[in-house]
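Reviewing the structure listed below.
The values are calculated or read from the model by the stated rules, or taken from the named source; none is laboratory data. Being a predicted model, the structure only gives us computed values, none of them experimental. So basically every Cβ, Gly included, is an ideal-geometry build from the backbone, and we count neighbours across all protein chains shown. All accessible areas refer to the heavy atoms of the entire protein, side chains included, with ligands and DNA or RNA removed. Shrake-Rupley method; radii C 1.70, N 1.55, O 1.52, S 1.80 Å.
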Amino acid sequence: PLPSTLLQDIRNTVGNIPMEWYQDFPHIGYNLEGKKIYKPIRNKDELDMFLEKMENPDYWRTVQDKMTGADIKLTDEQVDLVHRLQKGQFGDVHFNPYEPAVDFFTHEVMIHPVTNRPADKRSFIPSLIEKEKVSKLVHAIKMGWIKPRKPKDDTPTYYDLWAHEDPNSILGRHKMHVPAPKMKLPGHEESYNPPPEYLLSEEEKLAWEQQEPAERKLNFVPQQYQCLRAVPAYSRFIHERFERCLDLYLCPRQRKMRVNVDPEDLIPKLPKPRDLQPFPTTQALVYRGHTSLVRCLSISPSGQWLVSGSDDCTVRFWEVCTARCMKTLPVGGVVKSIAWNPNPTICLVAICVEQSVLLVNPCLGDKLLYGATDQVLESYVAPEEERVQPVQWVTATMEEHSKGVRLVIQHSKAVKQVTWHGKGDYFASVVSDNSNLQVLIHQTSKRWSQNPFRKSKGLVQCVLFHPIRPYFFVATQRYVRVYNLLKQELTKKLMTNCKWVSSMAIHPGGDNIICGSYDSKLAWFDLDLSTRPYQLLRHHKKALRSVAFHKHYPLFASGSDDGTVIVCHGMVYNDLLQNPLLVPVKVLKGHVITLDLGVLDVLFHPTQPWVFSSGADSTIRLYT
């Protein structure tokens with residue numbers, strides 16, 4: 001054993017604890033009497049330590065005792081002991097690990113046993129504990145709790161490398177395998193001695209050389225040799241090997257998974273047209289009499305009379321049921337627009353002719369009605385002081401009065417549209433001009449006109465009054481502006497997504513409008529929803545000239561230069577969460593395209609599901 005000085009100092013009684021705990025104290029523990037053992041004074045710095053290391057011959061065998069902090073010089077025996085332990089030898093010098101072993105029990109069988117104890121009785125009586133254990137195991141095997149060991153199968157097992165992958169996954173390794181495309185086997189044309197019909201003539205050779213490599217049927221010229229020995233080495237061999245290698249390594253090694261969609265599922269489910277009846281389907285009447293294209297139509301609020309304006313400088317009044325022309329009014333100019341007063345108690349028609357708007361009493365139907373209209377117009381009293389107006393109101397001459405003209409509103413430029421307010425007192429006109437005088441609003445009872453806009457916002461195409469609220473719609477080439485007439489401000493600006501708006505109509509409910517355009521689109525706007533179209537319908541092949549809503553039925557129609565009128569079912573629901581349902585139900589044909597113009601105006605009957613259309617073939621047609 002090691003001397004006690006090397007293991008621990010017996011004088012210090014603190015026991016087996018980390019000596020770092022005494023680092024900050026002047027003492028290092030306690031002796032047997034319980035007095036503090038003070039650390040020896042150490043005032044040597046690094047330099048002193050170095051000098052001592054150099055000068056002190058016993059420095060190498062001096063160790064510090066951790067328990068007392070004192071320096072101890074090891075004796076020669078202690079140094080030897082340390083050396084032996086470092087080499088892994090026994091501490092005691094005199095111990096011999098290689099002494100011969102004493103064989104207590106010899107390997108030779110002796111006559112007399114080492115011990116002569118008689119055998120135990122339990123060594124030849126069956127064990128009860130073992131019997132109990134065995135009976136428990138038998139019971140467990142009978143109950144099936146313990147399964148007998150299966151015999152081992154010695155055949156070598158091979159396992160599937162990709163077994164853990166899902167066989168149904170698209171990325172399964174075997175699904176992605178694309179076999180290399182096989183090369184085409186050589187035919188007769190590649191023979192060294194092909195049949196004569198495979199050899200190219202001079203013209204064919206020239207044609208072959210002029211073709212693009214991708215367009216050639218053969219990528220070589222068939223040649224003829226007398227025998228196999230005369231065939232030279234193939235000049236394009238390396239090229240073709242290289243191209244084949246390119247084909248193989250650039251081949252896409254991934255299958256594009258096609259989504260199998262039934263084309264029927266992509267078409268929106270729309271109700272059948274026969275469930276959306278009534279709507280006009282057949283041509284019932286043709287109104288003939290005009291000699292040039294019929295530009296515009298309007299109908300009386302009762303639905304009994306129809307008025308049409310044409311380029312033959314006449315306005316004709318027709319009876320709807322019989323297609324009989326009741327009256328022809330020559331107006332001395334091309335009729336651009338015409339509008340029958342929507343108020344059933346007033347019998348007036350506004351007609352745009354060149355630079356003026358004529359207010360005409362057609363004197364048709366109830367005598368009391370048109371008589372009362374004349375009385376209202378004649379009872380007008382002019383104000384004392386003259387007011388400055390953008391237009392002139394002129395009473396008709398005797399000759400004009402006999403024809404039915406009552407008032408002439410003379411404008412500065414050509415008038416292209418006129419439209420009435422629902423109450424029947426105000427109407428608006430649009431002038432072909434670029435200034436702020438494009439749109440004017442007139443009041444018939446006071447014979448007073450005003451210009452609602454301070455500055456021009458573009459070329460105005462058409463205007464409309466809202467059927468219920470005090471709103472005014474102004475359509476320029478690309479936008480529809482909605483103005484509030486009471487507050488005199490712009491409420492909305494609708495983007496039509498069209499190049500050139502041609503016409504506009506408003507739903508009788510007042511929350512939806514449709515715009516036709518010359519780039520053959522029809523835009524349906526839901527005013528509560530957005531300023532962009534709810535739907536753009538591209539049913540027509542050519543420019544749309546006119547659009548119209550029915551007053552009572554959920555129908556709207558559009559007339560186009562392709563000579564057709566398309567009637568659509570446009571159901572607007574009271575439930576604000578449900579979007580409008582737009583279904584095209586019928587294409588009405590009949591008009592002949594003349595001078596590249598087809599249908600110029602469409603108009604619904606006020607009560608029946610009938611539609612009128614006027615065309616460039618100088619006819620008006622009624623579809624019922």
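Considering only residues that are touching a Leu at 6+ places or on another chain (Cβ under 6 Å) and open to solvent by 30 Å² or more (accessible area, probe 1.4 Å), which ones fall in segment 440-463? I'd like the intermediate steps shown before the answer.
Taking segment 440-463 first, the residues touching a Leu at 6+ places or on another chain (Cβ under 6 Å) are 449, 451.
Of everything in segment 440-463, just one residue is touching a Leu at 6+ places or on another chain (Cβ under 6 Å) and open to solvent by 30 Å² or more (accessible area, probe 1.4 Å), namely ASN451.
Specify the residue that is least open to solvent (accessible area, probe 1.4 Å); the eligible residues are those in segment 58-83 that are among the acidic types (Asp, Glu) and either in contact (Cβ under 8 Å) with a residue 60 or more places away in the chain or under 25 Å from ASN12 (Cβ atoms) (or both). Talk me through it step by step, then tell me what you get.
Going residue by residue through segment 58-83, those that are among the acidic types (Asp, Glu) are 58, 65, 71, 76-77, 80.
So of that shortlist, the ones also either in contact (Cβ under 8 Å) with a residue 60 or more places away in the chain or under 25 Å from ASN12 (Cβ atoms) (or both) come out as 58, 65, 71, 77.
Details: ASP58: 47, ASP65: 15, ASP71: 90, GLU77: 134 Å².
Filtering segment 58-83 for residues that are among the acidic types (Asp, Glu) and either in contact (Cβ under 8 Å) with a residue 60 or more places away in the chain or under 25 Å from ASN12 (Cβ atoms) (or both), the one least open to solvent (accessible area, probe 1.4 Å) comes out as ASP65.
For segment 572-592, which positions are part of a loop (DSSP other than H, G, I, E, B) and either touching a Pro at 6+ places or on another chain (Cβ under 8 Å) or surrounded by fewer than 16 Cβ atoms within 10 Å (Cβ to Cβ) (or both)?
From segment 572-592, those part of a loop (DSSP other than H, G, I, E, B) are 572-580, 590-592; that's our starting set.
Those that are part of a loop (DSSP other than H, G, I, E, B) and either touching a Pro at 6+ places or on another chain (Cβ under 8 Å) or surrounded by fewer than 16 Cβ atoms within 10 Å (Cβ to Cβ) (or both): VAL572, TYR573, ASN574, ASP575, LEU576, LEU577, GLN578, ASN579, VAL592.
Given the options ASN512, ASN497, name the one that is under 27 Å from the mean Cα position of the chain (by Cα), assigned by the TED database to the domain that holds SER337 and open to solvent by less than 10 Å² (accessible area, probe 1.4 Å).
Numbers: ASN497 fails: open to solvent by less than 10 Å² (accessible area, probe 1.4 Å).
Among ASN512, ASN497, only ASN512 is under 27 Å from the mean Cα position of the chain (by Cα), assigned by the TED database to the domain that holds SER337 and open to solvent by less than 10 Å² (accessible area, probe 1.4 Å).
Quickly run through segment 283-305 and pick out the residues that are within 15 Å of LEU348 (Cβ to Cβ) and open to solvent by less than 30 Å² (accessible area, probe 1.4 Å).
Answer for segment 283-305, where residues must be within 15 Å of LEU348 (Cβ to Cβ) and open to solvent by less than 30 Å² (accessible area, probe 1.4 Å): SER298, ILE299, SER300, TRP305.
Quick check on LEU555: is it farther than 18 Å from SER614 by Cα and free of Cβ contacts under 8 Å to residues at least 60 places away in the same chain? Walk me through how you get there before you give the answer.
Values: farther than 18 Å from SER614 by Cα: yes; free of Cβ contacts under 8 Å to residues at least 60 places away in the same chain: no.
Considered against the rule, which asks whether it is farther than 18 Å from SER614 by Cα and free of Cβ contacts under 8 Å to residues at least 60 places away in the same chain, LEU555 comes out as no.
So SER613 passes all but one of these: (1) open to solvent by 40 Å² or more (accessible area, probe 1.4 Å); (2) touching a residue at least 40 places away in the same chain (Cβ under 8 Å); (3) within 23 Å of ASP311 (Cβ to Cβ); (4) touching a strand residue (DSSP E or B) at 6+ places or on another chain (Cβ under 9 Å). Which condition number does it fail?
Looking at each condition in turn, SER613 falls short on (1).
Just checking, does segment 24-35 include any residue being touching a strand residue (DSSP E or B) at 6+ places or on another chain (Cβ under 7 Å), assigned to a loop (DSSP other than H, G, I, E, B) and more than 30 Å from VAL93 (Cβ to Cβ)?
Narrowing segment 24-35 to residues touching a strand residue (DSSP E or B) at 6+ places or on another chain (Cβ under 7 Å): 26-31.
Next, from what is left, pick out any that are assigned to a loop (DSSP other than H, G, I, E, B): 26, 31.
From what's left, more than 30 Å from VAL93 (Cβ to Cβ): 26, 31.
Checked segment 24-35: at least one residue is touching a strand residue (DSSP E or B) at 6+ places or on another chain (Cβ under 7 Å), assigned to a loop (DSSP other than H, G, I, E, B) and more than 30 Å from VAL93 (Cβ to Cβ).
Does segment 427-439 contain at least one residue that is open to solvent by less than 40 Å² (accessible area, probe 1.4 Å), among the aromatic types (Phe, Trp, Tyr), under 22 Å from PRO344 (Cα atoms) and not in a loop (DSSP other than H, G, I, E, B)?
Yes: one or more hits.
Looking only at strands (runs of 3 or more DSSP E) that fall completely inside segment 228-326, which ones have 1 or more residues that are small (Gly, Ala, Ser) and more than 42 Å from the chain's Cα centre (by Cα)? Walk me through how you get there before you give the answer.
Numbers: elements: 283-288, 294-299, 305-310, 314-319.
It comes to 283-288, 294-299, 305-310.
How many residues, within segment 559-571, are assigned to a strand (DSSP E or B), open to solvent by less than 10 Å² (accessible area, probe 1.4 Å) and either more than 18 Å from LEU276 (Cβ to Cβ) or aromatic (Phe, Trp, Tyr) (or both)?
Within segment 559-571, residues that are assigned to a strand (DSSP E or B), open to solvent by less than 10 Å² (accessible area, probe 1.4 Å) and either more than 18 Å from LEU276 (Cβ to Cβ) or aromatic (Phe, Trp, Tyr) (or both) number 2.
Could you tell me which numbered condition GLN86 fails, if it satisfies all but one of (1) in a loop (DSSP other than H, G, I, E, B); (2) modelled with pLDDT of 85 or more; (3) open to solvent by 70 Å² or more (accessible area, probe 1.4 Å)?
Of the numbered conditions (1) in a loop (DSSP other than H, G, I, E, B); (2) modelled with pLDDT of 85 or more; (3) open to solvent by 70 Å² or more (accessible area, probe 1.4 Å), the odd one out for GLN86 is (1).
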